[in-house]
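The values are calculated or read from the model by the stated rules, or taken from the named source; none is laboratory data. As the structure is a computational prediction, the values presented were derived from the model and not from experiment. A quick note on method: Cβ atoms are made from the backbone with ideal geometry, for glycine too, and the neighbour counts reach across all protein chains shown. All accessible areas refer to the heavy atoms of the entire protein, side chains included, with ligands and DNA or RNA removed. Shrake-Rupley method; radii C 1.70, N 1.55, O 1.52, S 1.80 Å.
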Amino acid sequence: MNSLVSVIMPYYDKKDYFFESINSVLNQTYTNLEIIIIYDDENKNDLEHIKNCIKNDTRVKIIFNDSNKGVSYSRNKAISIAQGKYIAFLDCDDYWETNKIEEQLYFMLNHGYDFSHTTYQIINYDRKIVGKIRAQGIIRYKELLKSCDIGLSSVILKRILLNDMEFPELKTKEDYVLWLGLAKKSVNLAGLDKSLMFWRQTPNSLSSPILQKLKDAFRVYYLYEKKNFFYSIFCVIRLSVYALFKKINLYSPIF
């Protein structure tokens, strides 16, 4: 178990959280990593801070966008240059347990999975744990249509799965489209029920207007999944109900 893992981290205005996030990668017990940071900001004020956090670690590459392109463009760009057999995603306000990659790769290799995600804990601005989302078994396409509990920053997958797929240009739910596409190809979306990632509630992560989320949810079903208009509306309502249920019971954010 010594395959190269490419860790993809889009960066935009996350200075307050980046040190904890990057340290959780640099200090992994699994060390055969390349870390691709996509600097997605015309303003270079945070660049010196990023370089200081990296500590001259040669595993880290910083790639620049010429303007703010968004997370989908940034992740796709990083995937196109990634050299690893596996891809891991980490947003720059989330962070990992130090044994995350080692535990997850062992799980994948032991069961023959090409894709996995993990249970993760939700923390607030003060790092207080306010909820937990559990990863349960194999998620099939029909189940995934109803609700998505796959935390992007918990995912590791084989690079080959993305040879003909990418994140769509949506403001929200771009990862949901990708997971649905993989599920339609009968890829086992395997859940490892170990808390190996921390998802942070920040003003940015909670700021997308509800209307934008509803529009993007409709686009997921109608444009990308090719469902008819009325069934797409039904799916959006169902997704919203599941999300509200999770918010009430787990203190997780809506959607």
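Could you tell me whether any residue of region 61-73 is part of a strand (DSSP E or B), touching a Pro at 6+ places or on another chain (Cβ under 9 Å) and open to solvent by less than 70 Å² (accessible area, probe 1.4 Å)?
So the first thing to find is which residues in region 61-73 are part of a strand (DSSP E or B), and the list is 61-64.
Those still in the list that are touching a Pro at 6+ places or on another chain (Cβ under 9 Å) too: none.
Within region 61-73, none of the residues are part of a strand (DSSP E or B), touching a Pro at 6+ places or on another chain (Cβ under 9 Å) and open to solvent by less than 70 Å² (accessible area, probe 1.4 Å).
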Check: Among all residue pairs at least 6 apart or on different chains, which show Cβ distances below 8 Å where the first residue, located in region 51-80, is without any contact (Cβ under 8 Å) to a residue 24 or more places away in the chain and the second is part of a strand (DSSP E or B)?
Finding: Lys51/Ile62
Next item on the list: Could you pull out the residue among Asp41, Asp94 that is under 26 Å from Lys194 (Cβ atoms) and buried (at least 16 other Cβ atoms within 10 Å of the Cβ)?
Entry: Asp94
Check: Any chance region 11-19 includes a residue that's within 16 Å of Lys61 (Cα to Cα) and in contact with a Leu (Cβ under 9 Å, 6 or more places away or on another chain)?
Finding: no
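Of all residues in region 111-131 being aromatic (Phe, Trp, Tyr) and surrounded by 19 or more Cβ atoms within 10 Å (Cβ to Cβ), which is nearest to Asp175 (Cα to Cα)?
We begin by selecting, within region 111-131, every residue aromatic (Phe, Trp, Tyr); these are 113, 115, 120, 125.
Still in the running and surrounded by 19 or more Cβ atoms within 10 Å (Cβ to Cβ): 113, 115, 120.
Numbers: Tyr113: 19, Phe115: 14, Tyr120: 16 Å.
For region 111-131, the residue satisfying everything is Phe115.
Suppose we filter region 147-157 for residues that are in a helix (DSSP H, G or I) and more than 13 Å from Asp193 (Cβ to Cβ); how many remain? I'd like the intermediate steps shown before the answer.
Within region 147-157, the subset in a helix (DSSP H, G or I) is 152-154.
From what's left, more than 13 Å from Asp193 (Cβ to Cβ): 152-153.
Total satisfying the criteria: 2.
Against the condition open to solvent by less than 40 Å² (accessible area, probe 1.4 Å), assigned to a helix (DSSP H, G or I) and not basic (Lys, Arg), how does Leu144 come out, does it pass?
Working: open to solvent by less than 40 Å² (accessible area, probe 1.4 Å): yes; assigned to a helix (DSSP H, G or I): yes; not basic (Lys, Arg): yes.
Answer is yes for this residue.
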Next item on the list: Taking the options Leu250, Leu214, Leu244, name whichever one is modelled with pLDDT of 70 or more and open to solvent by less than 80 Å² (accessible area, probe 1.4 Å).
Entry: Leu214
Note to self: Which pairs turn up if I take residues in region 98-113 that are farther than 24 Å from Glu20 by Cβ and look for partners that are among the hydrophobic types (A, V, I, L, M, F, W, C) and open to solvent by 80 Å² or more (accessible area, probe 1.4 Å) with beta carbon separation below 8 Å, at least 6 apart in sequence or on another chain?
What the structure shows: Tyr106/Met1; Leu109/Met1
Margin query: I need the full set of residues from region 1-23 which are touching a helix residue (DSSP H, G or I) at 6+ places or on another chain (Cβ under 8 Å), open to solvent by less than 50 Å² (accessible area, probe 1.4 Å) and not in a loop (DSSP other than H, G, I, E, B), in order please.
Written below: Val5, Ser6, Val7, Ile8, Met9, Pro10, Tyr11, Phe18, Ile22, Asn23
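Would you mind stating whether Gln136 is open to solvent by less than 60 Å² (accessible area, probe 1.4 Å) and outside any helix (DSSP H, G or I)?
Details: open to solvent by less than 60 Å² (accessible area, probe 1.4 Å): no; outside any helix (DSSP H, G or I): yes.
When the stated conditions are applied, Gln136 does not pass them.
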Check: Assuming Ile50 fulfils every condition listed in (1) surrounded by fewer than 18 Cβ atoms within 10 Å (Cβ to Cβ); (2) in a helix (DSSP H, G or I) apart from one, which condition is it?
Finding: (1)
Check: Of these, Glu102, Glu166, which one is closer than 17 Å to Asp193 by Cβ, open to solvent by 10 Å² or more (accessible area, probe 1.4 Å) and modelled with pLDDT of 95 or more?
Finding: Glu102
Note to self: Being open to solvent by 10 Å² or more (accessible area, probe 1.4 Å), of a type outside the set (D, E, K, R) and within 17 Å of the chain's Cα centre (by Cα) is the requirement here; does Tyr30 meet it?
What the structure shows: no
Notebook entry, point to check: Which one of the conditions (1) part of a strand (DSSP E or B); (2) more than 15 Å from Tyr95 (Cβ to Cβ) does Asp57 fail to meet, given that it meets all the rest?
Noted result: (1)
Check: Of the conditions (1) in a loop (DSSP other than H, G, I, E, B); (2) within 30 Å of Tyr113 (Cα to Cα); (3) open to solvent by 10 Å² or more (accessible area, probe 1.4 Å), Lys77 fails just one. Which one is it?
Finding: (1)
Next item on the list: Note down all Cβ pairs under 6 Å where the first residue falls in region 236-250 and is over 14 Å from Tyr176 (Cβ atoms), the second is modelled with pLDDT of 75 or more, and they're at least six residues apart or on different chains.
Entry: Leu250/Gly131
